[in-house]
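Here is the structure we will look at.
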Amino acid sequence: MNRRRTLLGVGLAVILAAAVVWFITKPSGGGSGARGARGGANQPVTVGTATVAKADIPLVIKALGTVTPLATVTVKTQITGQLVQVAFTEGQSVKKNDLLAVVDPRPYEVALQQAIGAQEKDEALLKNAQIDLARYKTLVSQDSIARQTLDTQAALVRQYEAAIVTDRAAVDAAKLNLVYTRIIAPSDGRIGLRLVDPGNYVTIGDATGICVITLMQPMSVLFTIPEDSLPSVRKRLRDGATLQVTALDRAQKVELGVGKVATLDNQVDTTTGTVKLRAMFDNADEALFPNQFVNIRLLVDTVKDAISVPMAAIQRGQPGTFVYRVKPDDTVEIKVIQTGASDGEKIAVVSGLDVGDKVVTDGTDRLREGSKVRLPGQAAPGAKPGQSGPPVANAPANGQRQGANTGERRGGGAGRPAQSNQ
């Protein structure tokens with residue numbers, strides 16, 4: 001009994017194995033379908049291409065910069081007193097010597113009158129002393145008074161003359177203080193927020209001041225470049241070239257201004273290996289705002305009429321730097337090239353390609369030497385007119401099957417009457 005069960009199990013296993021082998025090896029869809037599957041491996045790869053052409057390639061250094069005004073002035077009082085008037089509006093643009101504020105001038109007007117009075121008094125004393133000195137000289141010539149009296153009077157005249165000099169300085173100081181009661185703009189620029197209100201008592205030692213004026217036009221931007229880029233920049237500056245600088249916003253989408261390099265720092269920062277440059281911008285629309293962070297594009301030079309390809313076409317691998325060149329028969333070949341300057345979008349090709357060559361820019365990951373390619377929208381080999389995709393490999397088989405089905409239906413229709421005749 002056990003032996004019979006064993007033989008039965010072995011037989012079932014053999015039958016199951018045979019069924020699996022038949023299921024795996026059986027043809028699916030006929031010979032045409034198999035041929036279509038094998039042909040799919042050789043279907044052309046749809047790729048994007050670009051034509052090698054001559055173009056001007058700008059040599060650009062990218063950097064980060066900070067908008068730095070040429071003048072930022074905190075306006076402070078030069079005298080002590082009560083602020084009686086503020087003559088500016090927050091955010092206002094002012095010119096040099098425009099009136100900004102007024103400190104109570106009355107105490108300084110009084111001080112000026114006192115200084116003038118002291119000067120006039122000393123001038124009167126000096127005049128009287130000079131008259132006495134002239135009289136004493138006559139008496140000494142007549143030997144009527146002692147010589148010492150004349151010398152004393154001469155010293156008194158010189159004393160009054162010195163007092164007059166001091167008085168004149170005091171008058172000038174009082175006049176200057178009176179001028180300082182009118183606080184004026186020390187430079188052109190834009191006023192920020194008001195830092196003190198009218199009625200406050202202001203002094204020379206106030207740290208905050210009255211307002212801050214920032215020069216908006218022109219505007220400068222400080223930025224740094226790597227020390228490796230310094231030789232090319234210095235060479236261009238020594239040759240007298242004007243290096244163009246473009247400032248962009250943080251997203252690098254909005255152009256804030258176009259200026260030029262004004263000066264180069266005199267040393268390299270050893271901690272970062274960079275050197276500072278200052279660029280000047282007209283800033284007519286005041287798009288550059290003080291202390292704003294911007295992206296800088298420094299145009300160092302331009303390579304004229306360079307043979308160039310898009311950066312997307314450049315591949316790097318075991319052969320080195322190469323591209324896939326499309327041949328006239330729509331197959332690709334690997335071309336090892338030597339590259340030159342780049343602007344981030346296109347790159348110069350020193351050797352390996354000629355103008356007019358077609359290179360692959362999209363779909364390179366599916367290519368190898370000799371791969372068949374076609375362009376987007378290009379009809380595949382064997383496709384019907386207007387059909388851009390690959391031909392359907394099993395279409396004939398389906399057609400044959402439909403014919404067979406039709407024939408079967410026709411044959412069945414003819415057979416039924418025959419059976420009825422019998």
Worksheet, complete the sentence: the stretch 40-101 and the stretch 247-300 have their Cα centres apart by a whole-number Å value of 8
Discussion item. For a quick check: sort 351, 371 by the number of other beta carbons within 10 angstrom, fewest at the front.
Written reply: 351, 371
Practice prompt. Could you work out how far the C-alpha centroid of the stretch 348-366 sits from that of the stretch 123-198, in angstrom?
Written response: 89
Worksheet, complete the sentence: So, over other residues within a Cβ distance under 14 Å of residue 122, counting Lys, Arg +1 and Asp, Glu -1, the net charge is 0
Item to complete: Arrange 237, 139 by Cβ neighbour counts within 10 Å, fewest through most, would you?
Response: 139, 237
Item to complete: Any chance you could run the full-extension gain for residue 250 through residue 179? It's 0.36 nm times the residue separation minus the Cα-Cα distance, nm to one decimal.
Response: 20.9 nm
Worksheet item: Suppose R0 equals 41 Å; then what is the FRET efficiency for residue 84 and residue 120 from their Cβ-Cβ distance, rounded to the nearest 0.05?
Response: 0.85
Discussion item. Please compute the modelled spin-label separation between residue 127 and residue 284, points set 7 Å along Cα→Cβ, answer in nm with one decimal.
Written reply: 6.3
Worksheet item: What residues qualify as long-range amide H neighbours of residue 346, i.e. H under 5 Å apart, gap of 5 or more or another chain, H built at 1.01 Å from N?
Response: 311
Response to the item:
If the chain between residue 92 and residue 368 were fully extended at 0.36 nm per residue, the gain over the current Cα-Cα distance would be 92.7 nm
Worksheet item: With Cβ to Cβ distances under 11 Å as the rule, what net charge do the other residues near residue 298 carry (K, R +1; D, E -1)?
Response: +3
Practice prompt. Would you mind ranking 46, 208 so that the residue whose beta carbon has the fewest other beta carbons within 10 Å leads the list?
Written response: 208, 46
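Read the figures in this text as sums done on the coordinates, not as results from a lab. The model shown is predicted, which means the values in this text are computed figures rather than measured ones. Backbone-built Cβ (ideal geometry, glycine too); neighbour counts: all protein chains shown.
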